[in-house]
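The values are calculated or read from the model by the stated rules, or taken from the named source; none is laboratory data. All values derive from a computational prediction rather than experimental measurement. Don't worry about glycine lacking a Cβ; one is built from the backbone with ideal geometry, like all the others, and counts go over all protein chains shown. Surface areas here come from the heavy atoms of the whole protein model, side chains and all, with no ligands, DNA or RNA. Shrake-Rupley method; radii C 1.70, N 1.55, O 1.52, S 1.80 Å.
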Amino acid sequence: MALILTSAPAREELVGLWFAALKDVLHPHSATGPQLNIDIPERPAKRRKLSTSGQTSRIPASFLSELTGPIPTLRCPIPRAKELSLSAFQRNLGDAKTHTPLIIEGAIQHWPALEERPWDSPGYLLEQTLGGRRLIPVEVGKSYTDEGWGQRITTFREFMKMYMLEGETSNEMVEDKPTGPERNGAGVSPDGTPDEKISATGYLAQHDLFAQIPSLRADISIPDYCYCEPTPSPHLTHIKPVAKLDEPLLNAWFGPAGTISPLHTDPYHNTLAQVVGYKYVRLYAPEETQRLHPRSVDESGVDMSNTSQVDLDQAMAFYPEISCWETDNTGDDGGTWSELGRNFEDRFPGFKDAKYMEGILGPGECLYLPVGWWHYIRSLTPSFSVSFWFN
């Protein structure tokens, strides 16, 4: 299991040859379309049974990753640039006044993962993972700050069946997409606690999938922006120093609509490339750190100071003026709701006044995120992203 999951450090080429040979056996005609069957058993029975109609599910040709309503309202949009040159990007990063987040359009249109070898195709991803037999680590729960959150090892196929294609093969796909904080719609139930509808989400998050499956690594390339030299920020007292990287660190982020990365910071600069689907992103500058109420060391001794105590979904429910969703805070429980809002404000004074910017990241776009910026990210559709950390 460890060999398959880690791809055997220092023996990547050998392991790659093994899996290439296995893929040729499993998919001799390199079928990537919906004819691949997600219900292939791990080990065939000694005597194959004749299949009857309705026993198996054909997977769709692509994920349901079109952005349909409701769409978040952007009050403070992140600046955008189209096909930004490397020299222009370096100029922005070299000046502290312009060293801010930026969505770059058209920077990765040459990636095979977008069209030639599309990651939007469940069949292609299953083929690259030996019919979904490869093992992956999956986060289960709304986010890593919730009590019910956990991690487990499963096959890529099981992850697809349980979380990415649930109901899609039988035309009963129900997206967990909030319509605004109407009590049960944005992660908040009437008593102010997280809505349990969202807690069963599975997420392949911050995983070096490309060392494990080199064929997927060949579908992308490191953006040139990751080799720039950003000017130091004077507001990074909350960020612990890290060693200089020789090469950018790559991680995969793959999951259904509703996956959430809670409000947190990273110790590196980040270029987040969106390959499949759409994500809502909200950012807060390092200067807003005190208003975001960072956590401390938890009861297990884990330093959580890079993560905010504030649940942004709850905050948007209580403060319509900072919500990206249409809100309706009237109803029979209005008194209870108001009391919960006052309790929230007492716990997190100043949060609603923190300045932020926000955006929707779509296929083929990159978000440049300077080190130390707080960010919350929520998938609006099934989504596949790649982060490139650099310093």
Subject >> Positions within segment 130-164 being of a type outside the set (Phe, Trp, Tyr), under 14 Å from the mean Cα position of the chain (by Cα) and more than 27 Å from Val302 (Cα to Cα), in sequence order >> reply: Met164
**OP:** Please specify each residue of segment 59-71 satisfying the condition of being open to solvent by less than 70 Å² (accessible area, probe 1.4 Å) and in contact with a Phe, Trp or Tyr (Cβ under 9 Å, 6 or more places away or on another chain).
**Re:** Phe63, Ser65, Leu67, Pro70
Original post:
Going by the structure shown, is Val276 closer than 19 Å to Lys355 by Cα and open to solvent by less than 60 Å² (accessible area, probe 1.4 Å)?
Top reply: no
Subject >> Tally, over segment 293-311, of residues that are more than 21 Å from the chain's Cα centre (by Cα) and buried (at least 23 other Cβ atoms within 10 Å of the Cβ) >> reply: 0
Original post:
Tally time: how many residues in segment 284-301 are in contact with a Leu (Cβ under 7 Å, 6 or more places away or on another chain) and under 21 Å from Ile360 (Cβ atoms)?
Top reply: 1
Subject >> Checklist (1) in contact with a Pro (Cβ under 8 Å, 6 or more places away or on another chain); (2) modelled with pLDDT of 95 or more applied to His99, failing item >> reply: (2)
